[in-house]
Structures are given as C-alpha cells and as structure tokens.
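The values are calculated or read from the model by the stated rules, or taken from the named source; none is laboratory data. The model shown is predicted, which means the values in this text are computed figures rather than measured ones. All Cβ positions, glycine included, derive from the backbone under ideal geometry; neighbour counts span all protein chains shown. Just so you know, the surface numbers come from the protein's heavy atoms only, side chains and all, with ligands and any DNA or RNA stripped out. Shrake-Rupley method; radii C 1.70, N 1.55, O 1.52, S 1.80 Å.
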Amino acid sequence: GGVRITTVFADLETGGLAPYHPDIQIAALAIGEGWRELGTFEAKIQFDEAAGEAEALAQNSYDRDLWEKEAVREEQAVEAFAAFLRRFAVIPMVSARGRAYSLARLAGHNMAGFDAPRLKRMFERHNAFLPAEVYRPLDTQQLALWSFTARGRPVENYKLGTLCRELGVELPAEAAHDALTDVRATVEVARRLLGTWAE
C-alpha cells in the first residue's frame, strides 16, 4: 500500500499563527511509490524579526545567525519552491481556456487548515503561480482524526508531536519544528496511519 502517485509533503514554519505573522521557512519532501524519497527542498526566508512573536520563533527553530547566512528574499523562495513543485507536478489539469497544465499533489500536517492557505497567500503576494493542488491537499491531521475516531481511540490532541508519540514515530526533541524534520515525521505518520487502514 501507500503512495501511488508522487506526493509533495510540505511544511511552512512561521513567526506566529496570525495571517500577518511572517513565513520564515519552507521545507518539502517529494515521495514516490513505495514511500521512496524523490527529492527535498528547504528555504529559509528573510523577514522582519519584529513582525514575529518571540515565542513562535523560538519554537520554530529560528536562529538569527543561521538566517543571516542562509535566508533568501521571499520572492526567491517562491521562485525556487515553484520550480521544485513543477518537477513533481503529476495532476493533469485544463484551464478554463482549454490550456493543459499540471499541479503537484500536496500533503502535510494541518495542510488544509494552515499551510496551504498561507502558501497560496505567499504566492499571491508575488503574483506567482503556485503549481500545487492547494484546494484539496492531503492532510495527516484529518487522516489521524478519522483513523483514531473510527477505532474508538481518540487522542488528547492531533498535533504532530502527539501523533508521533502515539504511533511510535521518533521526532527528535531538539529538531522539532525544524521544517524538514517535521516533514519527515509527517511522512512517517501518514505511512503508519495508511497502514492501519489496510488492516
């Protein structure tokens, strides 16, 4: 079982949960059939530290020195992420004018509620086309909710850390909320949850 169509698992780290808080990092992992890793993406984004919440920045592995060295302008991150998504754009679409194009299949934890809408807004800020299926993403939070509820085993909450604990997925404490670590953990949560559907 598992992934039949190439899927891009992504995670956006932010300087807080409100729409006006800055997006600070994007990470993604393209997963192919048999849960094979096909490619990774990671970009730290330049932002105004004063616009973020100190607590959120600390929680989301923000390191001023590292960002000074590695962060790129948001516009550059958008361009690079779009190029990454295009490599794995496997969903055929047709525009209203009859033009064929493709989108990447997007997955993530709370992707539908949080990351997808924010990614959409980020690309809109730069008038850039987002080559991913943001309206119908695969969401491991929803999958977990179904899975645990259907088996009469609700958990205290459906945060990634909690699900990792419940499913025996290792999430290194010091690396939690680093975007790429979170993405790898999300892939493993999806793999285990989808395995339970086959039972």
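Using amide H atoms built 1.01 Å from N in the peptide plane, name the residues 5+ places from V72, or on other chains, whose amide H lies under 5 Å from its own.
Under 5 Å from the amide H of V72 lie the amide H atoms of K44, I45, Q46, each far enough along the sequence or on another chain.
Taking all protein chains as present, what is the carbon and sulfur share of the accessible area of the chain, in % to the nearest whole number, probe 1.4 Å?
Numbers: 5330 of 10670 Å².
Using a 1.4 Å probe with all protein chains present, the chain comes out at 50 percent carbon and sulfur.
Name the lysines eligible as straight-distance cross-link partners of K159: C-alpha to C-alpha under 30 Å, and not fewer than 8 places from it in the same chain.
Result set, ordered by chain and number: K44, K120.
State the percent of C-alpha pairs, over all pairs in the range 93-199, separated by a distance greater than 18 angstrom.
Across the range 93-199, Cα pairs with separations above 18 Å total 56 percent.
Just by accessible area at a 1.4 angstrom probe, what is the order of I24, I91 from largest to smallest?
Correct descending sequence by accessible area is I91, I24.
Quick one: what are the phi-derived ³J(HN,Hα) couplings along the range 35-44, Karplus 6.51/-1.76/1.60 with θ = phi - 60°, whole Hz, x for glycine and proline?
Karplus values, whole Hz, x for Gly and Pro: 6, 6, 7, 9, x, 10, 9, 8, 9, 8.
Which of the GluC sites (Glu not before Pro) found in the range 89-198 are in a DSSP loop and have at most 15 neighbouring Cβ atoms, other than their own, within 10 Å?
Working: sites: E124, E133, E156, E166, E170, E174, E188; in loops: E133, E156, E170.
Those satisfying the criteria are E156, E170.
Report the antiparallel proportion of the DSSP beta bridges in the chain as a percent, rounded to a multiple of 5.
75 percent
Determine the per residue accessible area of the chain with all protein chains present and a 1.4 angstrom probe, expressed in square angstrom.
54 Å²
Using amide H atoms built in the peptide plane, which far-off residues or other-chain residues are under 5 Å from V90 H to H?
L103, A104, R105
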